[in-house]
Amino acid sequence: MAYTSRPPSRTGSKPPEGGKFRRGGPMKRKVCKFCADKIEIDYKNVSLLRTFMTERGKILSGRITGNCAKHQRLLCTALKRARMLALLPFAAV
């Protein structure tokens, strides 16, 4: 009896149009908040910076927040600067 190593793959098939799907329909594309609303990133704006951190004090990734690469880099710098000035915590206790 001959065994094949793998079943034939479907490399030619494409996913349905509209991106990935979830239960309610296609997933909504996340938009960079800073690009859309023309908001400046400033280390002194603690209330804005807190929205991009977890409860534990970790920085959320751009994939989760929807930020573009440019603004994600600026956001990380601002968060780290605010931490050094004790405006934000390094970690939750």
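Annotation: amide H-H contacts under 5 Å for M53 (H modelled 1.01 Å from N, sequence separation of 5 or more, or interchain): L60. For the range 32-84, the number of Lys pairs with C-alpha atoms closer than 15 Å, counting only pairs eight or more positions apart or on separate chains, is 4. Determine the sum of side-chain charges near I64: Lys and Arg each +1, Asp and Glu each -1, restricted to other residues whose C-beta is under 12 angstrom from that of I64. So the environment of I64 carries a net charge of +3.
Classified by the C-alpha gyration tensor, the range 32-84 has an oblate form. Its axis ratio a/c, with a ≥ b ≥ c, is 1.5 or above, and a/b does not exceed b/c.
Annotation: the residues R50, R83, R63, sorted from fewest to most other C-beta atoms within 10 Å of their own C-beta, follow the order R63, R50, R83. Potential lengthening of the chain between L48 and K28 amounts to 4.9 nm, from the contour at 0.36 nm per residue minus the alpha-carbon distance.
FYI, it's all coordinate maths here, none of it is from the lab. Please read all numbers here as calculations on a predicted model, not as lab measurements. Cβ coordinates were reconstructed from backbone atoms using ideal geometry, including for glycine residues, and neighbour counts include every protein chain displayed.
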